[in-house]
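So the structure is just underneath, and the comments pick up after that.
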Amino acid sequence: MKPHSFFAISLCLTASALPVEHALAQAAAQPAQDNAIAAEGYILVTAQKIVQRAIDVPITMSVLDGARMEQLGVSDLDELSNYVPGLNIQEQSANNPGIVIRGITSDSGSAQQGPRVTLYYNGVDISRSRGSYQAVYDMERVEVIKGPQATLFGTASAVGAISLVSARPRPGFAAELTGGYGNFDSTLLSGYINAGSDIVAGRIAAEWRKRDGYVTNLSDRQDDLYAQDQLGARGSLRFTPGSRLTVDLIGTYDRQRNSGTPFISGTFATEAGPADPFGDANLGGSPYSADTLGGSDLGLVRDVYDVNLTAAYELSDSLTFTTVNGYRKFDSAEVFDADGSAAPFLEFAEIANGDQFSHEGRFSYVDPDWRASFGWNFFTEDGYQNVPFSTEEGLFLQCLTSVATPSPLIPGIPCVAADGSVPALAVTSLATGGMLSAIPYTSTFENRGQNDSYSVFGDVTFLPVPALELTAGLRLLIEKRRSAYVTDVPNSVLSGAPLIPGQIDTAGQVFSADRSYSAALPRFNALYRLSDRLNVFATVSKGRRSPVVQINAARDASGNAMPNLQLVPEETVWNYEGGVKFASPIVSGSLGAYYQVYDGFQVSVTQDDGSTRTESAGKASNLGVEAEVNLRPTDWVSVFGNVGYIDGGIDENDGFASAFSGARFRLQPEWQAAAGGRRAEARARILVSL
């Protein structure tokens, strides 16, 4: 893919008005308090389910509040990676984000597999890969919590969590509108409007982004690639009938209508010249795509619906009950050209659907000597991943034998010629003596998953002296995992067998299996205040990735399809880390080191039929150091920097899973660093970053 640069100009308009002095005082109170805290170098967070300064949280975390994200120009999830050490987010598409914390990721779309990294939105797990992406506009803050913290984020927090918190309604009136235009016809329109009283307040926010594709596609049947057409909208309602009760109702809609992903071949030429994965693409897709893949155009059609109801009631000055409830539904269909050439050789779609519901209840107690929380959580999800394949039989067999073997089906006919044309399109006519010019072929496999999780949890923090905090917590969970698999794999007219090696037809029969599991996940934390602005901490915690009830198809002795069940054991990790945090009006930051020990480390292996299978690679370990610093010598100058080092991988072993022995974690550089500075004056703002 060619490197491309973008430029944009934008205009931001803000307005605020309050009808009476009382409303003005109420509306100004919270922002004024937030500004005062920020001026002291502090950020307030809720990672431990209570409001705390970030430096008082005895775990490694990075926080970007809404104002900071706006200053830095963070407008998408993957841009967070630039400002958080140990975090990497790669968006192959909005349907397939890869979120990596400390070298560990889980980007599989299989409905049978559980995620490792938790993505939370307003307190609810949205980690399922195909339903997790959403725009990050009008945010209150984003918290990146590293290391397993099972009592805080229980459903999928094997290695850490990203918590997205949207801006809440406030009393009074305020509005903002931002518009922008850039190259590739890039257009931005975003904003919010907030209005309300002390009792009822509402907020509507939205963002629309549209851009032409910036990877040239030479095909006359398809658009340029990586075009964006994205819409996000959110409505929030806050009800505070008294000083002790707060109820938030939030509805979110996210939509993508993006063009195709540029899978560009390093083998097949285009009309522009020899194969070049960094050059122009020539992706024509399948001429049968509308009937077999669900759409004629390469690209993504995706809709996400999310509803969240959160209520907090202060039972007394020390005891609060909070309930967080969420429902999320996603429907996505992505058509992609996997061979990366003009030939309709390997044309696929991925159709993913999921419904998720979560309920949590938590009691929190705070006094000068003790803090405690305990509660319960129920999470259920039901989804599937359907993958149809489309090709033309003669072309497929010619291309497959030309690339994979030295003996093509018909000698002398290349799959794709040096000028980018596709001579293999003539093979079916030659093979049938001119009786047939083309034989369309399609096959489909589908995996399904229904998972229910029940857990109870508790945390206790003891302050033997004001400067020392000792925390112990435990989550007990029971889960039931149900998996299913079905295929439709016809035999080829020309070969008499399925075209994709390894695919087995279940003839419409659904193979299924289920299992139940349990686990206990503890955490221990210590925090010592050297001063009001300088803290040291240590953490020991256990994380877990769910076992996999993995089922697909195999053949029995007679050659008939039969269920093939593989039970992959849970992946566990013990995390040991410590560090120092500091904050002042001029300088703030943190330094931490960690060591992680994995057992039953799960890896995804691509099969001959294009599906992925989870396997256990045995033991793994991870050693790393992370640091970040922010300088603010004046009100109009700020400088930031961060660095992360990681040395992690699968342990070398003598026999168990020898194929993975000594392998490094993928998608994680040994070193990563970022730095930048900002200068803001009344008339202009300059941001420089590396």
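This ranking places 562, 139 by how few other beta-carbon atoms lie within 10 Å of each, fewest first, which gives 562, 139. Just to check, using Stokes-Einstein with a Kirkwood Rh over alpha carbon pairs, what's the diffusion coefficient of the range 236-312 at 25 °C and 0.890 mPa s in µm²/s? The Stokes-Einstein estimate is 145 µm²/s. The mean sequence distance of close C-alpha pairs (under 8 Å, at least 6 residues apart), as a share of the length of the chain, puts its relative contact order at 11 percent. Take the Cα radius of gyration of the range 420-504 and divide it by 2.2 N^0.38 Å, N being the number of residues; the result is 2.46.
One decimal place: the segment residue 200-residue 271 gains 19.4 nm when fully extended, by the rule 0.36 nm per residue minus the C-alpha distance. Restricting the calculation to Cα atoms, the chain yields a radius of gyration followed by a Dmax of 27.0, 90 Å. Annotation for the range 347-392 versus the range 574-600: alpha-carbon center distance of 27 Å. Taking amide H as placed 1.01 Å from N in the peptide plane, residue 439 has its amide H under 5 Å from the amide H of 393, 394, each at least 5 places away in sequence or on another chain. Separation of the range 426-498 and the range 270-311, taken as the distance between their Cα centroids, equals 20 angstrom.
In the chain, once you exclude exposed chymotrypsin sites (Phe, Trp or Tyr not before Pro) (DSSP loop, at most 13 other Cβ within 10 angstrom), what's the longest stretch remaining? With a cap of 13 other Cβ atoms within 10 Å, the longest stretch comes to 279-635.
Normalised by the number of residues in the range 433-533, the average gap of Cα pairs under 8 Å and 6 or more apart makes the relative contact order 32 percent. Over the range 472-630, what portion of Cα pair distances is larger than 26 Å, expressed as a whole percent? Cα-Cα pairs in the range 472-630 separated by more than 26 Å: 52 percent. Each Lys or Arg adds one and each Asp or Glu subtracts one; over the other residues with Cβ under 13 Å from the Cβ of residue 416, this totals -4.
In a fully extended conformation the segment linking residue 233 and residue 658 would gain 148.1 nm over its present Cα-Cα distance, using 0.36 nm per residue.
When the helices of the chain are scored as -39500 (n - 2.57) per DSSP H run of n ≥ 4 and the total is divided over every residue, the value at 222 nm lands at -2000 deg cm²/dmol.
Which residues make up the longest stretch of the chain that has no GluC sites (Glu not before Pro) in a DSSP loop with at most 15 other Cβ atoms within 10 Å? Answer - 272-651. Potential lengthening of the chain between residue 71 and residue 177 amounts to 36.6 nm, from the contour at 0.36 nm per residue minus the alpha-carbon distance.
Along its principal axes, the range 128-283 has C-alpha extents of 70, 39, 20 angstrom, given from the largest down. Neighbour counts of other Cβ atoms within 10 Å put 428, 246 in the fewest-to-most order 246, 428.
More than 19 Å apart: what percent of Cα pairs in the range 566-636 qualify? Here the long-distance tail beyond 19 Å is 59 percent of all Cα pairs in the range 566-636. With contacts defined as alpha carbon pairs under 8 Å and 6 or more residues apart, what's the relative contact order of the range 121-192 in percent? Result for the range 121-192 is 29 percent. Model label points for residue 576 and residue 555, set 7 angstrom from Cα along the Cα-to-Cβ axis, are 5.1 nm apart. Over 24 Å apart at the Cα level, from the set 146/329; 146/210; 329/619; 49/619; 329/542; 146/542, are 146/329; 146/210; 329/619; 49/619; 329/542.
Over all other residues within a Cβ to Cβ distance under 12 Å of residue 483, the charged ones net out to +2, with Lys and Arg as +1 and Asp and Glu as -1. From least to most packed, judged by other beta carbons within 10 angstrom and beginning with the fewest, 132, 186 follow the order 186, 132. The coefficient of translational diffusion for the range 383-472, derived via Stokes-Einstein from the alpha carbon Kirkwood radius under 25 °C and 0.890 mPa s, stands at 134 µm²/s.
Using alpha carbons only, how many degrees (0 to 90, rounded to 10) separate the axis of helix 393-404 from the longest principal axis of the chain? It works out to around 80 degrees.
Each value in this text was obtained by applying a stated rule to the coordinates, not by laboratory testing. Quick caveat: nothing in here was measured; it's all calculated off a predicted structure. Using ideal geometry, Cβ is built from the backbone for each residue, glycine included, and neighbour counts are taken over all protein chains shown.
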